[in-house]
Amino acid sequence: FTLQLLHFSDAQAGLLSVQTAPHLAALVDSFEEDYANTLVVSGGGGFIPGPFLSAGADASLNAVAAIGATATGRPDLAIHNLIGVEASGIGLHEWDLGSGVLASAVQSSGAWGGAQFPLLSLNLDFSADSHLAGLTNSVPLDADDTLVPEAATLKGRLVPVTVVVKGGEKIGLVGVTTQLLASLSSPEGTVVRGGGAVNLDLLAGQIQPYVNELLAEGVNKIVLLSHLRDLDLERALAVKLAGVDIIVAAGSGTRLGDSDDTAAEFPGHEANFAGAYPVLAEDRNGTPLLIVSTDSEHTYLGRLVVDFDLAGNLVPQALADHLPENGAYAATAANVAAAWGVAEASLGSTAFAAGTKGAKVRQVTEAVQAVITAKDGVVHGYTAVYLEGGAPQVRSQETNLGNLTADANQQALREVVGGSEAIVSLKHAAGISGQIGAVTETDGVVAKSAPQGNVGTGKPVGGISQLDIENALRGNQRLMMFETTPAGLKAILEHGVSQGAGQGQFPQIGGVQFAWDPDLTPGSRVLSMALLKDDGSAGTPVYKAGSLGTGMLPGAPGLIRVVTLNGLANGEAGYPMKANGENFRYLLADGTLGPVVAEGLDFTAAAQLPGNGLGEQAALAAHVRNRHGSLVQAYRTAETPAAQDTRIQNL
């Protein structure tokens, strides 16, 4: 039995993928015709925060047939669908913006068909993850009583193991994720079984029962999708297993190539190979086992043609016969032309003709590029640090992006009413939809950094672009102000923390700081409040639990103006604004306030929305232009752990 395995890992599209992803798809389109028994897999790492991910959520991509209804991560998975991925591992950067983003990308919704393949990891426990628990399928380890289901029946599901059928033969697939996931990314409720530190003996003990189940069912050709981020770990794991034939190593971006492969230089990717393709290893019984690995950003397609004997054993001696085919194929126009047997000038009518995989993927990447070109070159200001907008953080603690956008809204109101007024800004975590910045991984080290530069649009490193702002504040609600008392403000903040951390209603604030204790009874968790000065320094104490009976302090102002989102003003997320406020008015784009809106009206209805209402995106753009409009003035307050937060102090 001859199997052709076409594989890539850590697609994690960045600006480079606009060119490389269509080329990789065209290579798959050509090679899969050469062998009837062809399996296409990804080792995981489907997307990563950056301009491609941000632009991919733009509403203009709804018109792309392969997407239909876009959201963060969906264009990236649409590319996987179009390439023909039949199963994928689960990496770590899929979690950088939280489990909710991963769930939205994977599951079907309306015109979005979801991932057309299962995602595999047997060492992740999703049961406590409200976003992902409903997307899982358990597989009983009961030999012939319940057979491992086929991948085609598990589209968009999170599973430990699956099978695909090629030429009447079942190929078993199992997946594992790095045991360091919790320290490297931001899963919400998902935990690594026995995780927290690298323990290959533990991991092998988790893998082997699933391999044994496959073997007991007569599946004797088994592939492990292993996202451990270090090829040496896969080498060490191999000798602890029995029955696995091929390990697709992922997460490290290690380029392997054989003697007739030619490396290509891409931005950020050197033109060399780190070792031979494939790695010939042995399992714990001394049985041959192959390990393969490729580079990231759609830069290389791995191609492994391998023979099995009648007992399902690898035939390593036959690798020499497949040397001309096997190895790493750089995703370049020249390699696509060679694969298709045409001149590069003819690619438009061959590899990228209408209906080809290359053409369909190019439609996605060009749509993303159009958004990047239009919006990423419009730079409003600068940041020297990553602005944290990930769901796990903004829903549990103060973040620097939460502070920045709350301050922008506060400043918008201050410019209307003057500098001597007490102004508080409040929004909720669910109103922040993404980060401003990029996540990178170099030599196994994950780093969050300021936004990447974009030579194609002239955006400098650290530039806060229109694309960044639209991605971070996708809802773009209108801003409203109302008046309240210190007691009213306390009631509003109490609601913000009434459900504890990890909630969409969790507040992000400006102009005020407060301390709270999540162990206390909801409604009595806020123990102190103080207004902040315009520069963020300590201002007027307002409340301290136990003082003067009510806790309200004598120096507190009688009236506090609050600027918030019109949805929250209307009661979104259960916020009691109408019960504790009065004189609700929209902020207008001309720097004035609209008339008072009756509290009985719906503040989100079109009939009430002013045509020139000021949106939160415009407020943030104006704020960074005014306060951080040059590299010298770049925002420099790095994100801190919750224990170091000063506006929202979790006691």
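The values are calculated or read from the model by the stated rules, or taken from the named source; none is laboratory data. Computed from a prediction, not measured in an experiment: that's the story for all the values here. As a convention, Cβ positions derive from the backbone with ideal geometry for all residues, glycine included, and neighbour counts pool all protein chains shown. With ligands, DNA and RNA removed, areas are computed over all heavy atoms of the protein, side chains included. Shrake-Rupley method; radii C 1.70, N 1.55, O 1.52, S 1.80 Å.
Residues of region 205-262 being small (Gly, Ala, Ser), surrounded by fewer than 24 Cβ atoms within 10 Å (Cβ to Cβ) and within 27 Å of Leu323 (Cα to Cα), which ones?
Ala236, Ala238, Ala242, Gly243, Gly257, Ser259
Those residues that are among the polar types (S, T, N, Q), assigned to a loop (DSSP other than H, G, I, E, B) and surrounded by fewer than 23 Cβ atoms within 10 Å (Cβ to Cβ), I need them from region 114-153; list them, please.
Those that are among the polar types (S, T, N, Q), assigned to a loop (DSSP other than H, G, I, E, B) and surrounded by fewer than 23 Cβ atoms within 10 Å (Cβ to Cβ): Gln116, Asn123, Ser127, Ser130, Asn137, Ser138, Thr146.
What single numbered condition from (1) within 23 Å of Gly205 (Cα to Cα); (2) open to solvent by 10 Å² or more (accessible area, probe 1.4 Å) fails to hold for Ser104?
(1)
Name the one entry in Leu53, Leu24 that is under 16 Å from the mean Cα position of the chain (by Cα), buried (at least 24 other Cβ atoms within 10 Å of the Cβ) and on the phi < 0 side of the Ramachandran plot.
Just one listed residue meets the conditions, Leu53.
How many of the residues in region 157-176 are more than 19 Å from Leu132 (Cβ to Cβ) and open to solvent by 50 Å² or more (accessible area, probe 1.4 Å)?
Summing the residues that are more than 19 Å from Leu132 (Cβ to Cβ) and open to solvent by 50 Å² or more (accessible area, probe 1.4 Å) in region 157-176 gives 5.
Please pick out the residue among Leu214, Leu225 that is assigned to a strand (DSSP E or B) and either within 21 Å of Leu314 (Cα to Cα) or out of contact with any helix residue (DSSP H, G or I) (no Cβ under 7 Å at 6 or more places or on another chain) (or both).
The match here is Leu225.
Considering only region 537-563, state which residues are touching a residue at least 60 places away in the same chain (Cβ under 8 Å), in contact with a Leu (Cβ under 8 Å, 6 or more places away or on another chain) and either closer than 24 Å to Gly574 by Cα or in a strand (DSSP E or B) (or both).
Within region 537-563, Thr540, Ile560, Arg561, Val562, Val563 meet the criteria.
Name every residue in region 291-321 that is in contact with a helix residue (DSSP H, G or I) (Cβ under 9 Å, 6 or more places away or on another chain), over 16 Å from Lys166 (Cβ atoms) and outside any loop (DSSP other than H, G, I, E, B), in order of residue number.
Selection gives Ile291, Ser293, Tyr300, Leu301.
Looking at region 251-288, which of the residues that are part of a loop (DSSP other than H, G, I, E, B) and of a type in the set (Asp, Glu) is nearest to Ile90 (Cα to Cα)?
Among residues in region 251-288 that are part of a loop (DSSP other than H, G, I, E, B) and of a type in the set (Asp, Glu), the one nearest to Ile90 (Cα to Cα) is Asp283.
Could you tell me whether any residue of region 30-38 is open to solvent by 10 Å² or more (accessible area, probe 1.4 Å), of a type in the set (D, E, K, R), without any contact (Cβ under 8 Å) to a residue 24 or more places away in the chain and out of contact with any Cys (no Cβ under 6 Å at 6 or more places or on another chain)?
yes
Within region 268-287, is even one residue farther than 17 Å from Leu323 by Cβ, at pLDDT 95 or above and polar (S, T, N, Q)?
Yes, that holds for at least one residue.
Could you list, in sequence order, the residues of region 56-75 that are open to solvent by 10 Å² or more (accessible area, probe 1.4 Å) and closer than 23 Å to Ala151 by Cβ?
Ala66, Gly68, Arg74 - these are the residues of region 56-75 that are open to solvent by 10 Å² or more (accessible area, probe 1.4 Å) and closer than 23 Å to Ala151 by Cβ.
Any chance region 177-186 includes a residue that's open to solvent by 20 Å² or more (accessible area, probe 1.4 Å), of a type outside the set (Lys, Arg) and more than 19 Å from Leu228 (Cβ to Cβ)?
no
Hey, can you tell me all the residues within region 590-621 that are of a type in the set (A, V, I, L, M), surrounded by 18 or more Cβ atoms within 10 Å (Cβ to Cβ) and in contact with a helix residue (DSSP H, G or I) (Cβ under 7 Å, 6 or more places away or on another chain)?
Hits for region 590-621 are Leu614, Ala619, Leu620, Ala621.
Does at least one position in region 3-17 carry a residue that is more than 25 Å from Ile436 (Cα to Cα) and surrounded by fewer than 19 Cβ atoms within 10 Å (Cβ to Cβ)?
Checked region 3-17: no residue is more than 25 Å from Ile436 (Cα to Cα) and surrounded by fewer than 19 Cβ atoms within 10 Å (Cβ to Cβ).
Is there any pair linking a residue in region 323-349 that is buried (at least 20 other Cβ atoms within 10 Å of the Cβ) and at pLDDT below 95 to one that is of a type in the set (A, V, I, L, M, F, W, C) and in a helix (DSSP H, G or I), with Cβ under 7 Å and at least six apart or on different chains, and which?
The qualifying pairs do not exist here.
Across region 493-526, what is the total count of residues that are touching a Gly at 6+ places or on another chain (Cβ under 8 Å) and not small (Gly, Ala, Ser)?
Count: 8.
Could you tell me which numbered condition Ala311 fails, if it satisfies all but one of (1) surrounded by fewer than 17 Cβ atoms within 10 Å (Cβ to Cβ); (2) within 20 Å of Leu5 (Cβ to Cβ); (3) modelled with pLDDT of 95 or more?
Unmet condition: (3).
Taking region 481-536 on its own, how many of its residues are charged (D, E, K, R) and in contact (Cβ under 8 Å) with a residue 40 or more places away in the chain?
Of the residues in region 481-536, 4 are charged (D, E, K, R) and in contact (Cβ under 8 Å) with a residue 40 or more places away in the chain.
Considering region 350-360 alone, what residues qualify as being buried (at least 20 other Cβ atoms within 10 Å of the Cβ) and among the small types (Gly, Ala, Ser)?
The answer is Ala351, Gly358.
Kindly provide the set of residues from region 447-464 that are closer than 30 Å to Leu181 by Cα and in contact (Cβ under 8 Å) with a residue 60 or more places away in the chain, ordered by number.
Those that are closer than 30 Å to Leu181 by Cα and in contact (Cβ under 8 Å) with a residue 60 or more places away in the chain: Lys448, Ser449, Ala450, Pro451, Gln452, Asn454, Gly462, Gly463, Ile464.
Just to verify a result, which residue in region 464-514, among those that are open to solvent by 40 Å² or more (accessible area, probe 1.4 Å) and hydrophobic (A, V, I, L, M, F, W, C), is modelled with the highest pLDDT?
So, considering only residues that are open to solvent by 40 Å² or more (accessible area, probe 1.4 Å) and hydrophobic (A, V, I, L, M, F, W, C), the one modelled with the highest pLDDT is Ala487.
Give region 629-638 a look and list any residue that's farther than 15 Å from Val378 by Cβ, in contact with a strand residue (DSSP E or B) (Cβ under 8 Å, 6 or more places away or on another chain) and surrounded by 13 or more Cβ atoms within 10 Å (Cβ to Cβ), or say none.
Correct list: Leu631, Gln633, Ala634, Tyr635.
Going by the conditions given, is Gly194 more than 24 Å from Ile48 (Cβ to Cβ), open to solvent by 10 Å² or more (accessible area, probe 1.4 Å) and in contact with a strand residue (DSSP E or B) (Cβ under 8 Å, 6 or more places away or on another chain)?
no
Would you check which residues across region 419-463 are outside any strand (DSSP E or B), of a type in the set (A, V, I, L, M) and surrounded by fewer than 24 Cβ atoms within 10 Å (Cβ to Cβ) and list them?
Result: Ala422, Ala430, Ala450, Val455, Val461.
Sort out which residues of region 575-589 are open to solvent by less than 20 Å² (accessible area, probe 1.4 Å) and in a loop (DSSP other than H, G, I, E, B), and write them in order of number.
Tyr575, Gly581, listed by residue number.
Among (1) out of contact with any strand residue (DSSP E or B) (no Cβ under 8 Å at 6 or more places or on another chain); (2) among the polar types (S, T, N, Q); (3) within 20 Å of Lys448 (Cβ to Cβ); (4) part of a helix (DSSP H, G or I), which single condition is Ser396 missing?
(4)
Here's a check for you: in region 379-414, which residue that is at pLDDT below 95 and out of contact with any Asp or Glu (no Cβ under 9 Å at 6 or more places or on another chain) is least open to solvent (accessible area, probe 1.4 Å)?
Checked region 379-414; the qualifying residue least open to solvent (accessible area, probe 1.4 Å) is Gly389.
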